[in-house]
1. Looking only at the range 66-87, count every residue that is of a type in the set (Asp, Glu) and in contact with a Ser or Thr (Cβ under 6 Å, 6 or more places away or on another chain) and tell me the total.
2. Just one of Glu246, Glu198 is exposed (fewer than 14 other Cβ atoms within 10 Å of the Cβ) and either within 20 Å of Leu299 (Cα to Cα) or in the same structural domain as Ile279 (by TED's automatic domain parsing) (or both); which is it?
3. For the range 212-220, does any single residue satisfy the condition of being modelled with pLDDT under 95 and either over 20 Å from Leu284 (Cα atoms) or over 42 Å from the mean Cα position of the chain (by Cα) (or both)?
4. Quick one: count up the residues across the range 190-208 that are assigned to a loop (DSSP other than H, G, I, E, B), touching a residue at least 60 places away in the same chain (Cβ under 8 Å) and β-branched (Val, Ile, Thr).
5. For the range 158-185, which residues satisfy the criterion of being over 20 Å from Ser244 (Cβ atoms) and not in a strand (DSSP E or B)?
6. Please identify the pairs in which a residue from the range 217-236 that is on the phi < 0 side of the Ramachandran plot and in contact (Cβ under 8 Å) with a residue 40 or more places away in the chain has its Cβ atom under 8 Å from the Cβ atom of a residue that is basic (Lys, Arg) and crowded, with 16+ Cβ neighbours inside 10 Å, counting only partners at least 6 apart or on another chain.
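The values are calculated or read from the model by the stated rules, or taken from the named source; none is laboratory data. These numbers were taken from a predicted model, which means no experiment stands behind them. Heads up, the Cβs are rebuilt from the backbone with ideal geometry, glycines too, and the neighbour counts pull from every protein chain shown.
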Amino acid sequence: MKNQFTSRIVKLTFAFMFVLIASSCSQDDEAMDAAVLANEINSELSAKGAKVSTAVVAQGSFSYSETEVCLGDDLTVTFDNLYGTGSDCGEVQIQYSLDGVVWLQLDKGTVTDGVFSGTLVAPVSGTYSFRADFAGNAGGCKDGFDNLKFQDNTVLAVVVVAPCVSCDIANFTYETSDNQNIVFTYNHDEEVSNITIEFTFPQVMISELNNDGKYVAADGKLYSVNNPTNQTVFTWTGEVSCKSSEAKTFEFSFAPDCNAGNANDGQANIWTDAKIVAINGVALVDVLLTIEDESEINLKEINNLSNIVYTGCPKKK
């Protein structure tokens, strides 16, 4: 009996010493031991036929057909639960918001190969945010997929929706019945803030300028002139539409300068050129060592237009 009691004391002593030694080990070692132990337990359970959860913690992600969309066009939003091609179950809800506060339902359904897509036709212009909720145990799932909540899958201010303008081919024309009163019409081929156009009228009479030294055209547009006493180049800057139905018109009315040095054949060259020299305030000049064509845009040559010539001048002998 005494020997048994002594044996118990010895065992308790060794157990107490073991606890002291174990308590001196680092937490990392304990975590590693716990992980090893967990693996061993899982292995034993698996060997006995017990079900072991194999769920992998995943963070969902979004992809978009475009990040800049024209108002009225379709935007495809795809959510990926990141479980890969083996994930063919689980229910996804995708929502969208314009302010990150009020969220509206875009679509819901079951994933296929881990992804689910919805289509948005944006009702208004703005910057759209998206979020998703993935219920891993819905839609007939048998494996333990983790649930992903809206707050874990929110992407703010990611897609910009704005009105888009469908531009027409650039076109420049003119109409005149007497070669003195002329109406030019031009639409650009892309949206721009402003365009600077130079019109050349080499043999016209000097026109009166306003107090700012500007030429006031028949339609009220203001032009700067190259020389107040020898007005041949008239320059205008302003907005020009890219739609042919909204083309800008330019009206001029000039008297021919029949006393010009080379007007002795009874003719006066009223108009000979029009070209775009700047777009959005940036001068169009041919920059050396660059591939892009940045030179001035000659509207007359591009549109194969003829000079406007007045033929009523008296011929000089």
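1. Qualifying residue count, the range 66-87: 2.
2. From the options Glu246, Glu198, the qualifying one is Glu246.
3. Scanning the range 212-220, I find at least one residue that is modelled with pLDDT under 95 and either over 20 Å from Leu284 (Cα atoms) or over 42 Å from the mean Cα position of the chain (by Cα) (or both), so the answer is yes.
4. Selection size over the range 190-208: 1.
5. Ser177, Asp178, Asn179, Gln180
6. Every condition considered, the pairs that remain are Trp236/Lys221.
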